[in-house]
Amino acid sequence: MSWQVTDGERREVAENLRSLADYPGQPVRYAEQFRDLLQYEVFSGLEYHDYSETFIRLADLIDPDGGDVDE
């Protein structure tokens, strides 16, 4: 599965992830908390099914064109 990702969406997710990393007084210390926050942010407003889709969604946010590494 692949999602259409806009530059605005990429920037918004990046900004929100940075905000989560620097949340005053509540550092993320536990894997479960990290996964929950990451999935919430990456899939906010989208249907979510499994952890494999988290990898795909992150890849689409980083490289929406799906470019080949060898290019």
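The values are calculated or read from the model by the stated rules, or taken from the named source; none is laboratory data. Since this is a predicted model, take the numbers as computed values, not measurements. Ideal geometry is used to build each Cβ from the backbone, glycine not excepted, and the neighbour counts take in all protein chains shown.
Name the residues in the stretch 35-63 that are part of a loop (DSSP other than H, G, I, E, B) and of a type outside the set (D, E, K, R), would you? Result: Ser44, Gly45, Leu46, Tyr48, His49. Of all residues in the stretch 21-40, those that are surrounded by 10 or more Cβ atoms within 10 Å (Cβ to Cβ) have Cβ atoms under 8 Å from Cβ atoms of residues that are among the polar types (S, T, N, Q) and assigned to a helix (DSSP H, G or I), 6 or more apart or on another chain, in Leu38/Thr54; Gln39/Thr54. In summary, Asp7 fulfils each of the numbered conditions (1) exposed (fewer than 10 other Cβ atoms within 10 Å of the Cβ); (2) at pLDDT 85 or above; (3) over 20 Å from Ala59 (Cα atoms) with the single exception of condition (3). Within the set Ala31, Ala59, the sole residue that is more than 12 Å from the chain's Cα centre (by Cα), of a type outside the set (D, E, K, R) and modelled with pLDDT of 85 or more turns out to be Ala31.
Residues that are surrounded by 12 or more Cβ atoms within 10 Å (Cβ to Cβ) and hydrophobic (A, V, I, L, M, F, W, C) within the stretch 41-52 comprise Val42, Phe43, listed in sequence order.
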